[in-house]
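The values are calculated or read from the model by the stated rules, or taken from the named source; none is laboratory data. Small disclaimer: the values here were computed from a predicted structure and weren't measured. So basically every Cβ, Gly included, is an ideal-geometry build from the backbone, and we count neighbours across all protein chains shown. What goes into the accessible areas is simple: the full protein's heavy atoms, side chains included, and nothing from ligands, DNA or RNA. Shrake-Rupley method; radii C 1.70, N 1.55, O 1.52, S 1.80 Å.
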Amino acid sequence: NNSSYVCIFTWVLSRGTWKVVVCGDNETNGLKELLTNAEFRTTIADADVFVTPHHGHNSGYCAELFDAMGSPLCNITSEKQGDESIAQEYSARARGITFKGQNRHHLTTRHDNHIFMRMNENLTYLFE
């Protein structure tokens, strides 16, 4: 716990950029420490998709991370039994997508199973 790398995947396309931030098993205090690094804050800015830290548990939620990152299209967690209050926090911090015919802001691999994301050259996306 609290010792994972944060991975930022960035695809630079002719029309713009796609960015996915994956926070690993980090907890709030570790993320706050990372946020003291200006280069890290710049790198995570304008993320399109966010894979939440610490399996989406409350112990990994960091509001300051969203302040630096912005509002992704959606947040993805892997929590086993979601804490509804934290799920609502993650949902409130996303712009929303269409997933299996529903407007969603927060997806979980435990409930939604496999989540496939396609990002197209024209900056459109498809989650299925």
Practice item. Say whether the condition of being open to solvent by 60 Å² or more (accessible area, probe 1.4 Å), free of Cβ contacts under 8 Å to residues at least 24 places away in the same chain and not in a loop (DSSP other than H, G, I, E, B) is met by at least one residue in region 53-67. Key: yes
Check your understanding: Looking only at region 68-88, which residues are in contact with a Leu (Cβ under 7 Å, 6 or more places away or on another chain) and either modelled with pLDDT under 90 or in a helix (DSSP H, G or I) (or both)?
Key -> Ala68
**Study point:** Output for region 15-51, where each listed residue is closer than 14 Å to Phe66 by Cβ and β-branched (Val, Ile, Thr)
**Key:** Val21, Thr28, Ile44, Val49, Val51
Exercise for review: Among the residues of region 39-52, write down those that are within 20 Å of Ala94 (Cα to Cα), of a type outside the set (Ser, Thr, Tyr) and either out of contact with any helix residue (DSSP H, G or I) (no Cβ under 6 Å at 6 or more places or on another chain) or part of a loop (DSSP other than H, G, I, E, B) (or both).
Suggested key: Ala45, Asp46, Ala47, Asp48, Val49, Phe50, Val51
Review point. When region 17-35 is examined, which residues are found to be of a type in the set (Lys, Arg) and surrounded by fewer than 19 Cβ atoms within 10 Å (Cβ to Cβ)?
Key: Lys32
Practice item. Considering only region 95-126, state which residues are under 24 Å from Trp11 (Cα atoms), touching a residue at least 12 places away in the same chain (Cβ under 8 Å) and either open to solvent by 70 Å² or more (accessible area, probe 1.4 Å) or touching a helix residue (DSSP H, G or I) at 6+ places or on another chain (Cβ under 9 Å) (or both). Key: Arg95, Thr98, Phe99, Arg104, His105, His106, Thr108, Ile115, Phe116, Glu121, Asn122, Tyr125
Review point. Does at least one position in region 26-38 carry a residue that is touching a Lys or Arg at 6+ places or on another chain (Cβ under 8 Å), over 23 Å from Arg110 (Cα atoms) and not in a strand (DSSP E or B)?
Key: yes
Exercise for review: Check Asn1 against each of (1) touching a helix residue (DSSP H, G or I) at 6+ places or on another chain (Cβ under 8 Å); (2) open to solvent by 50 Å² or more (accessible area, probe 1.4 Å); (3) under 23 Å from Leu126 (Cβ atoms); (4) of a type in the set (S, T, N, Q) and name the one condition it does not meet.
Suggested key: (3)
Check your understanding: Does Arg15 satisfy the condition of being among the basic types (Lys, Arg), without any contact (Cβ under 8 Å) to a residue 40 or more places away in the chain and on the phi < 0 side of the Ramachandran plot?
Key -> no
